[in-house]
């Protein structure tokens, strides 16, 4: 069983294995903090994504690398966005996506997939089913990260879809630790959605006018 899951690591440099494990750990912390609506989601996410950008660049996984590079940038934006306040109140609490933001999400998806496909073709890497799935998942995750930075509850739906697809994808690519990470990501994302929904429902009740 161990040989089946981890045999691909026998030729990997020790440093790369250690870095992947560290990135996984910080990634798990980041998703946990996101579930708790805690701003530490962003600094922990920055560490994880920075490491993954380096590793994925070495592994020539361009779509995955761009996902993590985008996460890194959006984590900085989200960190700033979440700290904004009006007096003592958070300026941008958990909310539902608007019709205008839905249109932007569609544009982000189309642009992202088109860009990733172009990059794969440019480097001559659009030769396996990995590239097709990777392009689709990249678009899904780009929307998810954008919505999380804006504190929209729908971000969890996109994370769940992308995480479920990524479990077999990363295992097939030979990155078992990362594949296991996405199993945990999926579970935490489901609970994250439920927890954010509870918070959103409670805040809606507080805003109802008293009779």
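Between 64, 201, 16, the GNM of the chain built on Cα springs shorter than 10 angstrom shows 201 fluctuating the most. Considering the chain as a Gaussian network with a 10 Å cut-off on Cα pairs, which listed residue, 117, 18, 133, attains the greatest mean-square fluctuation? Looking only at 117, 18, 133, the biggest GNM fluctuation is shown by 18.
Taking the longest Cα principal axis of the chain as reference, the axis of helix 14-35 is set at about 20 degrees. Against the main long axis of the alpha-carbon atoms of the chain, helix 99-122 sits at an angle near 10°. What residues of segment 139-173 lie in the reach of a label at residue 199, counting those whose backbone N is under 11 Å from a point 7 Å from the Cα along Cα→Cβ? Residues 151-153 fall inside that zone. The GNM of the chain, with springs linking C-alpha atoms under 10 angstrom apart, assigns the highest mean-square fluctuation among 67, 183, 143 to 183.
As a ratio to 2.2 N^0.38 Å, the alpha-carbon radius of gyration computed for segment 40-94 takes the value 1.40.
Relative contact order, whole percent, for segment 117-193 stands at 24, derived from Cα pairs under 8 Å and 6 or more residues apart.
Return an integer: the convex hull volume of the alpha-carbon atoms of the chain, in Å³ per residue.
121 Å³
Against the chain, whose longest principal axis is taken from its Cα atoms, helix 129-149 shows a tilt of about 30°. Please give the length that would be gained between residue 187 and residue 12 if that part of the chain were fully extended, namely 0.36 nm times their separation in residues minus their C-alpha to C-alpha distance (nm, one decimal). My answer for the length gained is 60.1 nm.
Modelled spin labels at residue 164 and residue 57, positioned 7 Å past Cα toward Cβ, are 3.4 nm from each other. Take the convex hull of the alpha carbons in segment 117-211; its mean projected area over all directions comes to 7.4 nm².
Scaled against 2.2 N^0.38 Å for its residue count N, the alpha carbon radius of gyration of segment 68-162 is 1.23.
Approximating the spin labels as points 7 Å out from Cα along Cα→Cβ, the residue 125-to-residue 99 distance works out to 4.0 nm. For the chain, the relative contact order is 21 percent, taking Cα pairs closer than 8 Å that sit 6 or more residues apart in sequence and dividing their mean separation by the residue count.
Can you give me the Kirkwood hydrodynamic radius for segment 69-119, using every pair of distinct Cα atoms, in Å to one decimal?
Averaging 1/r across every pair of different Cα atoms and inverting gives 13.3 Å.
No lab work stands behind these numbers, since they all come straight from the coordinates. Just so you know, these numbers come straight off a predicted model, no measurement behind them. Using ideal geometry, Cβ is built from the backbone for each residue, glycine included, and neighbour counts are taken over all protein chains shown.
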